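Throughout, read-outs are computed from the coordinates displayed, never taken from laboratory work. Please read all numbers here as calculations on a predicted model, not as lab measurements. Cβ coordinates were reconstructed from backbone atoms using ideal geometry, including for glycine residues, and neighbour counts include every protein chain displayed.
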Amino acid sequence: MACFYFNSNQAGAIATIGEGEYNLDDQIFTANTGAGAGTYLEDNAASVDSRETSIYYCIHRDRWWSGPYDVLPAQYKMNLVATYNKNSSTTLYHNH
Ligand SMILES: [Ca+2]
Ligand SMILES: [Ca+2]
């Protein structure tokens, strides 16, 4: 599972993604989880963390896994860079 946060440094509302998503316009930040709760996940995430042990995620700026992207390694926390407030799709890969 990848956790997205509305604010930097894993703060604010949270949204979780467990699989690849070609768009993020039908996911929302979970109610009552902090600043930004209830807003759409697409183009509104500032930071992420991974709860996976053998999967890494790519977070893309555009839908259908296109455009600039950030890589979220397993068991890692980071602020988004290429997709800061511009996140539109996700893919996941198993580590080799
Ligand atoms: Ca979706
Ligand atoms: Ca976008």
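Key figures for this structure:
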| item | result |
| --- | --- |
| Cα centroid separation - the range 31-54 against the range 69-96, whole Å | 12 |
| Extension gain, residue 51 back to residue 7 (0.36 nm per residue minus Cα-Cα distance, nm) | 14.0 nm |
| Cα→Cβ-extended label distance, 7 Å offset, between residue 16 and residue 76, nm | 2.2 |
| Estimated vicinal HN-Hα couplings, Hz - the range 50-65 in sequence order (Karplus 6.51, -1.76, 1.60; Gly, Pro = x) | 10, 9, 8, 10, 9, 10, 10, 10, 10, 10, 9, 6, 10, 5, 6, 6 |
| Electrostatic dipole magnitude of the chain [Cβ: Lys, Arg +1; Asp, Glu -1; Cα centre; debye, to 20] | 220 |
| Label zone at residue 85 (point 7 Å along Cα-to-Cβ), backbone N below 15 Å, the range 19-36 | 36 |
| Computed over the chain, Cα set: Rg, Dmax in Å | 11.7, 37 |
| Those GluC sites (Glu not before Pro) in the range 1-80 that DSSP places in a loop and that have at most 14 other beta carbons within 10 Å | 19 |
| Shape of the range 32-73, Cα gyration tensor, a/c cut at 1.5 | oblate |
| Trypsin sites (Lys or Arg not before Pro) lying in DSSP loop within the range 15-96, provided at most 14 other Cβ fall within 10 Å | 51 |
